[in-house]
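The values are calculated or read from the model by the stated rules, or taken from the named source; none is laboratory data. In this text, all values refer to a predicted model and were calculated from it rather than measured experimentally. Note that we place each Cβ from the backbone using ideal geometry, even for glycine, and neighbour counts take in every protein chain shown. Accessible surface is based on the protein model in full, side chains and every heavy atom, while ligands, DNA and RNA are left aside. Shrake-Rupley method; radii C 1.70, N 1.55, O 1.52, S 1.80 Å.
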There are 2 protein chains.
Amino acid sequence: MSATVATLAKEEENHGKLKAVEDQHGGIIVNMEEPMDSSLFASLLEASILQWREQGKKGLWIKLAREHSNLVDPAIKAGFKFHHAEPDYLMLVHWISNAPDTLPANASHRVAIGAFVMNANREILVVQESNGRFSGAGIWKLPTGAVDEGEDICTAAVREVKEETGIDTEFVEVLAFKERHKSFFRKSELFFVCMLRPHSFKIQRQVSEIEAAQWMAVEDYMAQPFVRENEVFNFVTKVGLSKIDGNYAGFSTILSTTSSRKKSYLYFNKDAARMLPSKL
Amino acid sequence: MSATVATLAKEEENHGKLKAVEDQHGGIIVNMEEPMDSSLFASLLEASILQWREQGKKGLWIKLAREHSNLVDPAIKAGFKFHHAEPDYLMLVHWISNAPDTLPANASHRVAIGAFVMNANREILVVQESNGRFSGAGIWKLPTGAVDEGEDICTAAVREVKEETGIDTEFVEVLAFKERHKSFFRKSELFFVCMLRPHSFKIQRQVSEIEAAQWMAVEDYMAQPFVRENEVFNFVTKVGLSKIDGNYAGFSTILSTTSSRKKSYLYFNKDAARMLPSKL
């Protein structure tokens, strides 16, 4: 290991600049995979920036794994700023062009779901949470949860309901969504209320997050002061009932192919779209 | 300035731990506002962690402004991980409890908008971009842009259209939205197609990002191979036309008050909601 490091450092010293790859936007990406002494890094970085500037490069990126945290300080002192971070790495960026900065913005939102699931007896699936602001208050609420990295909203809703209550469901549509700002630090949250159709009915709650789960008559759910006094919870329940009775259309999904051949979901009002002209 | 620093460092040394405030979840927040020597910081942090552990604290947060980048390395060596970063600061976190980690997730999505704006002659507002993958290709596309930090989707759509074309508009509704994963690094993107009603018609394009802007007959827009061959662009235009002709309902907004008395927008199908039961 240390032999590899020494070889790599030597090679880089020989070339007098850091190992880097070019990106598709006239930029440079340095991905530090091996340890390096911070003084050596500082001098290689300085020399590299001079060369990249001469080459007309614009955005310089440095990705530092957590174990290379000794290199954060020299990068900042060389003019880099933080771009984003995940638990295991930090991304730094330095725009060295005179042209206006076209760097991509950092992620700004967290995405969460709430699930409206009703059985044939007009009972809705509700839970009591072990943690958070509703714990211990005896409040029955809709199952909610955060969408995982890379997970689709429609998939997350089904997963959360399964994890919290053991109930198997199928995504029907997004009934409504809400945007909230500064929900944590400077970030925003998009909260999607999803209607799901239940395919099983026996409740098996997940012990760690959920105190209790049950099917509850919708009138009893709505009679809780917590629901009655919150205009959004109240409204969303009415929308859900309206949907059950065939009087509301939210956004359901179609799977589309993007220009880069990836699959992605498009959410829209399929009921209304039946009336779309087949040709202009 | 240096006197203040010295005083502060002395005070902290005297107390033997870092200045910190408690959060509402049994955690501790250290906001480093003054410079500190990295060795002093390392020893104060070690002593502080011992005390916080004894006090049963769970999540420890350290917010480091960019100018205190010398403290990143000692924090990581003390067991901290990156949580998130913005250009001017880095947030580090360390979960020291044996209970399951309930730390909030980092932001996972960027949010962007596309604007469908049509005048009374069935011409839609289109632009040619100076940068990006469509530049120089002579392609006319809908105005698009990223939602700023803390900005509402409906506000961002109106702002982007104004900036790119000079046209004043009013938000009508979200026609559809699309979710894309790994759109940049590991992050996802939510793209909202918004219908806006124009209130002015004279185009004044923004020079830096936009090469050209015009009102274009919708048939000509849709005849472009770029639109014809992209199922999403094609579909979205048909949805927009259907809406113009009164045959489609997307999600419009109402302003609701959250439990913390902040205002936030709820997006839902207002047309269908007219049929909502006023009482259960």
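Expressed to the nearest 5 percent, the antiparallel share of DSSP beta bridges inside the protein assembly as shown is 75 percent.
Counting Cβ atoms of other protein chains within 10 Å of each Cβ in A:130-139 and taking the mean gives 1.
Taking the DSSP beta bridges with both ends in the stretch A:109-268, the antiparallel portion is around 75 percent. The distance linking the stretch A:78-129 with the stretch B:184-249 is 25 Å (Cα centroid to Cα centroid, whole angstrom).
Beta bridges assigned by DSSP with both partners in the stretch B:48-204 are antiparallel in approximately 75 percent of cases.
With respect to chain A, whose longest principal axis is taken over its alpha-carbon atoms, helix A:153-165 is tilted by about 60°. Distances between equivalent label points of residue B:54 across the copies, with each point positioned 7 Å along Cα→Cβ, amount to 5.9 nm, shortest listed first. Look at the alpha carbon pairs under 8 Å that are at least 6 residues apart: their mean separation over the length of the stretch A:109-268 gives a relative contact order of 26 percent. The GluC sites (Glu not before Pro) of the stretch B:176-245 meeting both criteria, a DSSP state outside H, G, I, E and B (loop) and at most 14 other C-beta atoms within 10 angstrom of the site's C-beta, are B:229. Over every Cα atom in the stretch A:109-268, the radius of gyration and the widest Cα-Cα span, Dmax, amount to 15.6, 49 Å.
Axis of helix B:231-244 versus longest Cα principal axis of chain B: the two differ by about 70°, to the nearest ten degrees.
Shape summary: chain A maps onto an equivalent ellipsoid whose semi-axes, from the alpha-carbon gyration tensor, are 50, 24, 17 Å in decreasing order.
Could you work out the mean count of beta carbons from other protein chains within 10 Å of each residue's beta carbon in A:246-253?
4
Relative contact order of chain B: 13 percent, from C-alpha pairs under 8 Å at least 6 residues apart in sequence. Chain A contacts chain B over a buried accessible area of about 7800 Å², both sides summed; the probe is 1.4 Å and only protein chains count. Per-residue mean of foreign Cβ neighbours for B:77-85 is 6 (Cβ atoms of other chains, 10 Å radius). Sparse packing (at most 13 other Cβ atoms within 10 Å of the Cβ) combined with a DSSP loop state is found for the following trypsin sites (Lys or Arg not before Pro) in the stretch A:36-142: A:122, A:133.
Distance between the pseudo-spin-label points of residue A:201 and residue A:131 (7 Å out from Cα toward the beta carbon): 3.4 nm. Per residue, the accessible area of the protein assembly as shown comes to 46 Å² when a 1.4 Å probe rolls over the protein heavy atoms. Under Stokes-Einstein, with the Kirkwood radius over Cα pairs as Rh, the value for the stretch B:53-186 at 10 °C and 1.306 mPa s is 84 µm²/s. Here the stretch B:11-95 is treated as a sphere whose radius is the Kirkwood value from Cα pairs; by Stokes-Einstein at 20 °C and 1.002 mPa s it diffuses with a coefficient of 167 µm²/s. Between 0 and 90 degrees, the angle of helix A:38-54 with respect to the longest Cα principal axis of chain A falls at about 90 degrees. Quick one: which residues, 5 or more positions from residue A:130 or on another chain, have an amide H under 5 Å from its amide H? H modelled 1.01 Å from N in the peptide plane, none for Pro or chain starts. Correct list: A:210, A:211. Computed in the context of the full set of protein chains, the accessible area of the stretch A:11-95 at 1.4 Å probe radius has 47% of its extent on carbon or sulfur. Here the stretch B:46-115 is treated as a Stokes sphere of Kirkwood radius computed over C-alpha pairs; at 4 °C and 1.567 mPa s its diffusion coefficient rounds to 94 µm²/s. Report the far tail of the P(r) of the protein assembly as shown, meaning the percent of Cα-Cα pairs longer than 43 Å. Across the protein assembly as shown, Cα pairs with separations above 43 Å total 30 percent.
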